[in-house]
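The values are calculated or read from the model by the stated rules, or taken from the named source; none is laboratory data. Since the model is a prediction, treat every value here as computed from it, not as a measurement. Reconstructed Cβ throughout: ideal geometry from the backbone, glycine too, with neighbour counts over all protein chains shown. SASA here: full protein model, heavy atoms, side chains in, ligands and nucleic acids out. Shrake-Rupley method; radii C 1.70, N 1.55, O 1.52, S 1.80 Å.
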Amino acid sequence: MKMLINVPETVVADALRGMAAAHPELTVDVDNRVIVRRDAPVAGKVALVSGGGSGHEPLHGGFVGPGMLSAACPGEVFTSPVPDQMLRAAAAVDSGAGVLFIVKNYTGDVLNFDMAAELAEDEGIQIAKVLVNDDVAVTDSLYTAGRRGTGATLFVEKIAGAAAEEGQPLERVEAVARQINESSRSFGVALSAVTTPAKGSPTFDLPPGELELGIGIHGEPGRERRAMMTSREIADFAVHAVLEDLQPRNPVLVLVNGMGATPLLELYGFNAEVQRVLGERGVAVARTLVGNYVTSLDMAGASVTLCQVDEEVLRLWDAPVRTPGLRWGV
């Protein structure tokens, strides 16, 4: 498999060096693997820190900046960052108002962020934690106990980030983040397998003419495999799975997310089908975001995330954000 890299061993460091060159508004510590907004710590502001394995870009480093994360900790590809990274990030952004750790529900991430929280509290940093576990496809998977954290991570980071940017206290920012996670559900579909730099070939076998319904963002198995379906049929299946679990009473935010190798032409076509299903089910749509945001390297496919919102949540969603991966209202 051809890749635009030097060698697998330096792929993350090379990407971080390139990110630093492209985004001088960020402080990128290549050696220690920490990305921080350059103006941190911001006096009186709660800081948000997240992180996870590389390969899901722009998640999380691409969401560092005003209105979202204060810092992010990238691990090796599909590998959790280590507690020292998280502690370094928390210390760099803490203004004294506290730090919220946003953690996707994968065993390594959970364990390492828990350890980092203990270390940070030993150093006098007030820590709160929110677990993101929005994936309705499966209950337990290769890397999780319970549901996986996927597309809702973007909603949590954006909406809680807006609350923090306004100067809301740690308890309130944590409550907002928890509310968004509890109000969100996701379902993903793979049209091809993912190839990691270290392996250089697909990490699982997905024969031509088949797809995986309920895939994870590391290529974890989903609910079932079927013969290739149309965009319309996939939308029917995915949206039904989300609505069956979420049962929204309020309007929803919609994220139609590409897994990395699916072009926008196809994603917008898929969004049309998602919107059709929501209309048929009588679900009002407040806002829609389409693009590659929570990816899986070169996997072809898409996920659908819905988050039911009220007026206050929608106000926070619409608030200005300025990051490499998400930017509006500036």
For this session: State which residue is surrounded by the fewest Cβ atoms within 10 Å (Cβ to Cβ) when the search covers only the range 138-170 and only residues that are of a type in the set (Ser, Thr, Tyr) and in contact with a helix residue (DSSP H, G or I) (Cβ under 7 Å, 6 or more places away or on another chain).
Result: TYR143
Exercise. Which members of the range 81-123 meet the condition of being of a type in the set (Phe, Trp, Tyr) and closer than 25 Å to GLY167 by Cα?
Worked result: PHE101, PHE113
Seminar exercise, completed: Residue set GLY167, GLY188, GLY200; condition under 23 Å from PHE63 (Cβ atoms) and not assigned by TED's automatic domain parsing to the domain that holds THR107; output residue GLY188
Exercise. When VAL136 is evaluated against the numbered criteria (1) within 25 Å of ARG315 (Cα to Cα); (2) touching a residue at least 60 places away in the same chain (Cβ under 8 Å), which criterion, by number, is the only one it fails?
Worked result: (1)
For this session: Just give me the residues in the range 1-24 being without any contact (Cβ under 8 Å) to a residue 60 or more places away in the chain and not hydrophobic (A, V, I, L, M, F, W, C), in sequence order.
Result: LYS2, ASN6, GLU9, THR10, ASP14, ARG17, GLY18, PRO24
For this session: Look at THR305 and say whether it is in contact with a Gly (Cβ under 6 Å, 6 or more places away or on another chain) and at pLDDT 95 or above.
Result: yes
Seminar exercise, completed: Being in contact (Cβ under 8 Å) with a residue 40 or more places away in the chain, in contact with a strand residue (DSSP E or B) (Cβ under 7 Å, 6 or more places away or on another chain), open to solvent by less than 50 Å² (accessible area, probe 1.4 Å) and not assigned by TED's automatic domain parsing to the domain that holds ASP205 narrows THR305, THR323, THR262 down to just THR323
Problem set entry | ASN105 open to solvent by less than 30 Å² (accessible area, probe 1.4 Å) and either within 19 Å of the chain's Cα centre (by Cα) or charged (D, E, K, R) (or both) | yes
Seminar exercise, completed: Residues in the range 192-240 that are among the hydrophobic types (A, V, I, L, M, F, W, C) and open to solvent by 60 Å² or more (accessible area, probe 1.4 Å) total 3
Problem set entry | Scan of the range 1-33 for residues that are surrounded by 15 or more Cβ atoms within 10 Å (Cβ to Cβ) and either among the basic types (Lys, Arg) or part of a loop (DSSP other than H, G, I, E, B) (or both), ordered by number | HIS23, VAL30, ARG33
Exercise. Before we move on, is VAL254 in contact with a strand residue (DSSP E or B) (Cβ under 6 Å, 6 or more places away or on another chain), more than 23 Å from MET1 (Cβ to Cβ) and free of Cβ contacts under 8 Å to residues at least 60 places away in the same chain?
Worked result: yes
Exercise. Scanning for something surrounded by fewer than 20 Cβ atoms within 10 Å (Cβ to Cβ) and assigned by TED's automatic domain parsing to the domain that holds THR153, does the range 45-54 turn up at least one residue?
Worked result: no
Exercise. Any idea which of VAL254, VAL173 is touching a helix residue (DSSP H, G or I) at 6+ places or on another chain (Cβ under 7 Å) and not assigned by TED's automatic domain parsing to the domain that holds LEU48?
Worked result: VAL254
